[in-house]
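The values are calculated or read from the model by the stated rules, or taken from the named source; none is laboratory data. These numbers were taken from a predicted model, which means no experiment stands behind them. With ideal geometry, Cβ positions are generated from the backbone for all residues, glycine too; neighbour counts draw on all protein chains shown.
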């Protein structure tokens with residue numbers, strides 16, 4: 001393994017890491033938003049939207065991200081809709097993650113006892129207040145393990161962005177291997193930079209889970 005070669009490639013990997021983080025975290029935020037909207041709509045039983053969101057969840061949970069990206073990046077331009085690789089990556093990740101987040105939030109909502117709403121209503125709170133101040137905070141707290149698992153899953157899924165010519169970590173590694181045939185060095189850097197991206201999230205997730213558990217049970 002040539003350390004000098006790895007040092008030479010570092011700026012390229014740092015640039016790719018920043019792009020991967022940017023696109024990935026925008027996708028995660030979109031996933032959180034889409035998932036919460038879907039879960040609340042289904043939980044409230046809004047007739048037409050409930051059915052549409054269920055179709056969306058099943059569609060995106062049962063098709064690979066790679067296929068979804070191919071469709072958005074290569075098929076949509078055929079009908080006049082063109083989007084950049086960055087937008088395609090973030091939107092694809094957001095739609096995929098939203099389907100998974102929706103199920104996480106739905107299970108969290110269903111885990112809140114009905115007595116919570118009844119007690120809040122007896123105190124004179126309206127439905128919006130009950131949801132914002134009683135139901136939503138508890139739902140997010142209960143859902144934290146699932147949310148964090150989904151975040152790590154989505155950030156790892158950024159590895160397929162190279163198929164739409166987004167110069168992320170995987171694209172950079174494959175490009176350098178193709179040009180200079182420094183396979184071991186390039187793949188070692190790839191592993192290191194994915195650890196740099198994902199390990200802090202994993203550590204933070206473990207800490208948050210412990211904090212939530214302590215807040216609920218006191219040990």
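Surrounded by 13 or more Cβ atoms within 10 Å (Cβ to Cβ) and either free of Cβ contacts under 8 Å to residues at least 12 places away in the same chain or farther than 27 Å from residue 72 by Cα (or both): is that true of residue 194 in this structure?
Taking the combined requirement at face value, the residue does not satisfy it.
Within the stretch 103-115, can one find any residue that is within 26 Å of residue 168 (Cβ to Cβ) and modelled with pLDDT of 80 or more? I'd like the intermediate steps shown before the answer.
So the first thing to find is which residues in the stretch 103-115 are within 26 Å of residue 168 (Cβ to Cβ), and the list is 104.
Of the ones still in play, those that are also modelled with pLDDT of 80 or more are 104.
Yes.
Go over the candidates 140, 147 one by one and state the one that is farther than 18 Å from residue 66 by Cβ, surrounded by fewer than 17 Cβ atoms within 10 Å (Cβ to Cβ) and within 22 Å of the chain's Cα centre (by Cα). Don't jump to the end; show me each part of the working.
Details: 147 fails: surrounded by fewer than 17 Cβ atoms within 10 Å (Cβ to Cβ).
Going through 140, 147 in turn, just one is farther than 18 Å from residue 66 by Cβ, surrounded by fewer than 17 Cβ atoms within 10 Å (Cβ to Cβ) and within 22 Å of the chain's Cα centre (by Cα): 140.
What is the one condition in (1) assigned to a helix (DSSP H, G or I); (2) within 30 Å of residue 3 (Cα to Cα); (3) in contact (Cβ under 8 Å) with a residue 24 or more places away in the chain that residue 166 does not satisfy?
(1)
Can you name every residue in the stretch 172-198 that is out of contact with any helix residue (DSSP H, G or I) (no Cβ under 9 Å at 6 or more places or on another chain), at pLDDT below 90 and part of a helix (DSSP H, G or I)?
178, 179, 184
Under 27 Å from residue 64 (Cα atoms) and surrounded by fewer than 19 Cβ atoms within 10 Å (Cβ to Cβ): is that true of residue 152 in this structure?
Yes.
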